[in-house]
Amino acid sequence: MSKIKFFVTPVYPYSNDHYYHEIIALAEGLIELGHEVTGNANYWFQPEKKSWLLNENASEDYDIAIYDYRYVRSFEHLLFRKGYPGLKPDKIKILVDRNDWISPVWHANKHYLVFDLILAGNLFKNVSYPSNVKPWAIGLTNRIMQSIDKNFNQYERTENVIGHNFRIAHNMREYVLKGLEGSLKKITLQPCFTYAKKNEDAMDDHYWKISTHRHIPEYYKLLNSKLMFASFGGYYEYKPLAYAPYGILDKIKRKPYYWYYKLLLRYNKSIAPAVFVFQYDNFRLWEVLYSRSCAVNLDIESWNFRMPVNPVEGEHYMGIDRFNFNKFAEKIENLPLEQIQSIGLKGREWVLQNYSPVAQAKRMLQHIEILKK
């Protein structure tokens with residue numbers, strides 16, 4: 001068994017987001033598989049176990065170092081300085097990067113070649129990446145799974161609606177919700193908002209605080225009570241697909257698509273031919289897939305989204321193909337409710353098999369085995 005050390009920054013200077021979801025998921029999976037896991041700092045206190053998930057350990061006796069991208073970004077002026085021993089040459093070095101905006105931290109940056117693996121979210125099938133970059137996804141943690149499981153069996157008969165609770169009006173979400181509202185005739189698009197408040201249960205309140213308000217028990221109940229739930233995320237941008245910052249040539253190439261986009265809007269046509277969607281991976285996708293609801297998302301294949309394993313449209317989730325809202329509405333409104341419920345349950349089985357903490361940990365270890373050959 002391997003000795004694995006995680007590196008996180010308790011205070012991220014670029015925002016107030018100190019919830020390192022992918023690190024938690026990997027640590028949980030590796031511990032369950034029997035590996036020895038420590039951290040550069042105490043992180044993620046579990047009151048039910050009265051212990052930290054990651055215990056601070058100053059020792060350099062470890063085989064694999066896993067870095068959250070926020071840690072590297074915070075200290076890259078030191079980590080990449082010539083002669084600075086921050087990234088140990090004798091360790092397997094892995095960067096976990098959610099790539100939460102249009103351009104990843106490692107793009108066109110030779111310093112990041114030092115990592116043996118970069119587990120990167122929000123990749124595309126039609127883009128070439130460095131050989132050390134492998135597709136990754138947010139996936140599940142034990143906290144999410146246990147929270148959804150609490151109420152899973154209470155809602156064997158779900159409400160025949162598509163629930164949604166987007167608080168931030170990303171341009172893609174706004175466009176898709178408007179398109180669905182204009183196309184659905186038999187199934188209602190239902191707002192399902194929950195409001196932040198102190199939880200009566202002390203453990204729920206603790207996780208609400210340390211997850212930067214992502215742990216909301218009422219929300220997990222809602223996911224189990226609806227026939228379908230919106231799980232799409234991200235933004236759209238004018239083609240061609242490129243990483244920022246845009247150069248002069250990029251801006252020139254994109255100008256025709258900008259006018260094409262305006263023309264499509266004017267004539268009430270799908271804007272899909274003029275745009276691409278980025279930052280598509282989001283927490284809702286995995287939460288909805290694991291719940292009783294059937295996930296409603298963009299069609300993952302038609303948008304060239306690249307995950308470690310892509311779910312199958314119509315088998316694990318219901319997908320909107322290229323912003324064709326009328327086609328999507330007709331499809332779901334002509335499906336028997338039992339079939340939609342069955343897709344939701346198959347999605348739950350699929351996400352547990354492919355994106356549980358153990359599944360994610362095994363995937364990372366498989367990448368390491370390939371490196372050693």
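The values are calculated or read from the model by the stated rules, or taken from the named source; none is laboratory data. All values derive from a computational prediction rather than experimental measurement. Methodologically, a virtual Cβ is constructed for each residue, glycine included, from the backbone with ideal geometry; neighbour enumeration extends over all protein chains shown.
Take region 221-258 and flag every residue that is hydroxyl-bearing (Ser, Thr, Tyr) and under 22 Å from His170 (Cα atoms).
Going residue by residue through region 221-258, those that are hydroxyl-bearing (Ser, Thr, Tyr) are 225, 231, 235-236, 238, 243, 246, 257-258.
Those that are hydroxyl-bearing (Ser, Thr, Tyr) and under 22 Å from His170 (Cα atoms): Ser231, Tyr235, Tyr236, Tyr238, Tyr243, Tyr246, Tyr257, Tyr258.
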- Any chance you could count how many residues in region 146-157 are out of contact with any helix residue (DSSP H, G or I) (no Cβ under 6 Å at 6 or more places or on another chain) and not charged (D, E, K, R)? 3
- Task: Taking Ser211 as the residue in question, decide whether it is polar (S, T, N, Q), within 26 Å of Asp17 (Cα to Cα), in contact with a Phe, Trp or Tyr (Cβ under 9 Å, 6 or more places away or on another chain) and crowded, with 18+ Cβ neighbours inside 10 Å.
- Result: yes
- Checking Pro89 against (1) farther than 23 Å from Asn304 by Cβ; (2) part of a strand (DSSP E or B), which single condition isn't satisfied? (2)
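Yes/no per residue for (1) under 30 Å from Tyr220 (Cα atoms); (2) acidic (Asp, Glu); (3) more than 17 Å from the chain's Cα centre (by Cα); (4) buried (at least 22 other Cβ atoms within 10 Å of the Cβ):
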position	(1), (2), (3), (4)
Val275	no, no, yes, yes
Asp299	yes, yes, no, no
Met307	yes, no, no, no
Glu315	yes, yes, yes, no
Phe325	yes, no, yes, no
- Task: Scan region 190-232 for residues that are within 21 Å of the chain's Cα centre (by Cα) and free of Cβ contacts under 8 Å to residues at least 24 places away in the same chain and report the count.
- Result: 4
- Message: Out of everything in region 105-128 that is in contact (Cβ under 8 Å) with a residue 60 or more places away in the chain, in contact with a strand residue (DSSP E or B) (Cβ under 6 Å, 6 or more places away or on another chain) and assigned to a loop (DSSP other than H, G, I, E, B), what residue ends up being surrounded by the fewest Cβ atoms within 10 Å (Cβ to Cβ)?
- Response: Lys125
- Item | Number of the condition not met by Gly182 [criteria: (1) at pLDDT below 95; (2) within 24 Å of Val277 (Cβ to Cβ); (3) over 19 Å from the mean Cα position of the chain (by Cα)] | (1)
- Examine region 132-153 for a residue that is more than 30 Å from Pro336 (Cβ to Cβ), modelled with pLDDT under 95 and among the hydrophobic types (A, V, I, L, M, F, W, C), and state whether such a residue exists. no
- Note on the structure: Taking region 225-266 and keeping residues touching a strand residue (DSSP E or B) at 6+ places or on another chain (Cβ under 8 Å), crowded, with 16+ Cβ neighbours inside 10 Å and part of a helix (DSSP H, G or I) leaves Ser225, Arg254, Tyr257, Tyr261
- Item | Residue that is among the small types (Gly, Ala, Ser) and part of a helix (DSSP H, G or I), where the choices are Ser131, Ser147 | Ser147
- Query: Which condition number in (1) surrounded by fewer than 14 Cβ atoms within 10 Å (Cβ to Cβ); (2) touching a strand residue (DSSP E or B) at 6+ places or on another chain (Cβ under 8 Å) is the one that Lys82 fails?
  - Reply: (2)
